[in-house]
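Trainee: Okay, handing you the structure first.
Read-outs: derived from the displayed coordinates by stated rules, not from any lab. Model, not experiment: these values are computed from the prediction. Glycine also receives a Cβ, built like all others from the backbone with ideal geometry; neighbour counts cover every protein chain displayed.
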Amino acid sequence: MEKITSFTIDHIRLKPGLYVSRLDKVGAETVTTFDLRLTSPNEEPVMNTAEMHTIEHLAATYLRNEPSWKEKVLYFGPMGCRTGFYLLLAGEYTPSDVRELIVNCFEFVGNYQGKVPGASPKDCGNYLDMNLPMANYWGKKYSNLLKNADKSRFVYPE
């Protein structure tokens, strides 16, 4: 079998950032998959499932309600390795096209207080696995990183 694209990235040199993981053609349309990398793989501790689950609920809610982008959002969810998230958008985009959107999204996550959207037994299959304080921590950390990042945090290492 061929190695899939995400396994061809040098995870030893990969740092937290915002990367284009893939551009896929679906008929005449393009789907852009973004790698929202919050931790340095194999170097920093990974995120726990509770904060990742909370970030997923908050970020997906934010993105699917953001007036300029909500019609383009196809998917937002966690990476199995627990170092970040994937965002799939209808259309062809670069990190600079979505940087402000992602900063605003993770500022929302970082500052959110109250009941987590969808965190009820009726709405979620694992509603008790939530950690809002740690989601707030990661939201602030990632939004600050993206606000102050140089171009190396937007292009995969060679």
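Trainee: Under the condition of being aromatic (Phe, Trp, Tyr) and not in a loop (DSSP other than H, G, I, E, B), which residue from segment 105-123 is surrounded by the fewest Cβ atoms within 10 Å (Cβ to Cβ)?
Mentor: Checking each candidate, the answer is Phe108.
Trainee: Let me ask something else. Can you go through Thr49, Thr5, Thr39 and tell me which one is touching a residue at least 12 places away in the same chain (Cβ under 8 Å) and under 13 Å from the mean Cα position of the chain (by Cα)?
Mentor: Answer to the selection: Thr39.
Trainee: Scan segment 1-47 residue by residue and report those that are among the charged types (D, E, K, R) and under 21 Å from Leu145 (Cα atoms).
Mentor: Asp10, Arg13, Lys15, Asp35, Arg37, Glu43, Glu44
Trainee: Still on this structure, please answer the following. Just to be sure, is Leu88 assigned to a strand (DSSP E or B) and over 23 Å from Lys151 (Cα atoms)?
Mentor: Against the criterion (assigned to a strand (DSSP E or B) and over 23 Å from Lys151 (Cα atoms)), Leu88 does not qualify.
Trainee: Could I ask something else about it? Can you name the residue in segment 52-78 that is in contact (Cβ under 8 Å) with a residue 24 or more places away in the chain and among the hydrophobic types (A, V, I, L, M, F, W, C) and is also surrounded by the fewest Cβ atoms within 10 Å (Cβ to Cβ) among such residues?
Mentor: Only one residue fits best here, namely Leu74.
Trainee: Go over the candidates Tyr137, Tyr142 one by one and state the one that is surrounded by fewer than 17 Cβ atoms within 10 Å (Cβ to Cβ), under 15 Å from Leu38 (Cβ atoms) and of a type in the set (Phe, Trp, Tyr).
Mentor: Tyr137
Trainee: Under the condition of being among the small types (Gly, Ala, Ser) and without any contact (Cβ under 8 Å) to a residue 60 or more places away in the chain, which residue from segment 85-128 is nearest to Ile55 (Cα to Cα)?
Mentor: Selected residue: Gly110.
Trainee: Can you name the residue in segment 8-36 that is more than 21 Å from Tyr142 (Cβ to Cβ), among the β-branched types (Val, Ile, Thr) and in a strand (DSSP E or B) and, of all such residues, is farthest from the chain's Cα centre (by Cα)?
Mentor: Step by step, filter segment 8-36, then rank; the result is Val26.
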